[in-house]
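The values are calculated or read from the model by the stated rules, or taken from the named source; none is laboratory data. Note that this is a predicted model, so its numbers are computed, not measured. Using ideal geometry, Cβ is built from the backbone for each residue, glycine included, and neighbour counts are taken over all protein chains shown.
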Amino acid sequence: MKKTLKKQLLICLLYIIIPLALGALASIWIKLSIFTITAILYGIMLIFMVPSDVFFSSTLDYNTKSVNPSYQHEKPDFIGGTKQQLLHFAVVSLGLVVCLLLLLIK
C-alpha cells in the first residue's frame, strides 16, 4: 500500500515537472514566456487525458447493437476511468489553471 502511494505521488510530480522543464527549454529557444508554453503543453495533455468513453459511448453502443442485437450495455460504476486517472486529470487541470493565472497576473 505504501509503495502504490509513493508511486502515485511520483507520477503526479512528473505530471508537474516534465511540462515545466519542457516549457523552460522551449522558452529559451522560442523566446516566449515559460508559462505560455507550459500552458500549451498542459492543454495538449488535458485533451489526450479525457476518457474516450465520455464522448463515444453512445456511438459504440449503436455499432455494437447493430452487430449483436441482444447486447446489453453494462453501466460503469465510475464514468470516466479509475480514481488514479481522475487524479492525474485533476493534477494536469490544476497545472493548466495555475499557468493561465500566472499569465494573467504577469
### Query
Considering only the stretch 1-38, how many residues are out of contact with any Pro (no Cβ under 9 Å at 6 or more places or on another chain), closer than 20 Å to residue 91 by Cβ and of a type in the set (A, V, I, L, M)?
14
### Query
Looking at 57, 70, 93, which is the one that is surrounded by 14 or more Cβ atoms within 10 Å (Cβ to Cβ), at pLDDT below 85 and of a type in the set (Ser, Thr, Tyr)?
57
## Note on the structure
Inside the stretch 36-53, the number of residues satisfying the requirement of being more than 12 Å from the chain's Cα centre (by Cα) and modelled with pLDDT under 90 is 1
### Summary
Flagged pairs (Cβ under 9 angstrom, 6 or more apart or on separate chains; first in the stretch 1-18, under 18 Å from residue 40 (Cα atoms); second in a helix (DSSP H, G or I) and at pLDDT below 90) are 15/88
